[in-house]
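Encoded as structure tokens, the structure appears first; notes follow it.
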Amino acid sequence: MEDEVERLKSLLLRMADVDVSSDVYNDHLTTVLLRELHRLMANEELRKRVRSLQEQVERMGPRDPDFDMKRFMDESWE
């Protein structure tokens, strides 16, 4: 696995023509890591919000098997 990561890293750096000893590289790497961290945090927040909604729905009780959503929506447009 580590060999694969190193291979991908080397390929990416060659294609991007980046000097890894430069401040630009370090700034870019920091930016990329922060973006990924924010993305993961946003996903976790979404999971918490969805779970909260799911819990609210569970507290509403079982679903009415005779409820017709299409009919309900059609009637709401009239």
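The values are calculated or read from the model by the stated rules, or taken from the named source; none is laboratory data. Note that this is a predicted model, so its numbers are computed, not measured. Every residue, glycine as well, gets a Cβ built from its backbone with ideal geometry; the counts of neighbours run over all protein chains shown. In case anyone asks, the SASA skips ligands and DNA or RNA and just uses the protein heavy atoms, side chains included. Shrake-Rupley method; radii C 1.70, N 1.55, O 1.52, S 1.80 Å.
Things to note:
- For the chain, the residue among 72, 56, 30 whose Cα projects farthest onto the positive side of the dipole built from Cβ charges is 56.
- Size of electric dipole in the chain: Cβ of Lys, Arg +1 and of Asp, Glu -1, about Cα centre, debye, nearest 20: 160
- Heavy-atom accessible surface of the chain: percent carbon and sulfur, 1.4 Å: 59
- Length added when fully stretched, residue 53-residue 70, from 0.36 nm per residue minus Cα-Cα: 3.8 nm
- Per-residue ellipticity at 222 nm from helix content only, as computed over the chain with -39500 (n - 2.57) for each DSSP H run of at least four residues, stands at -26500 deg cm²/dmol.
- Relative compactness, the chain, computed as alpha-carbon Rg over 2.2 N^0.38 Å: 2.14
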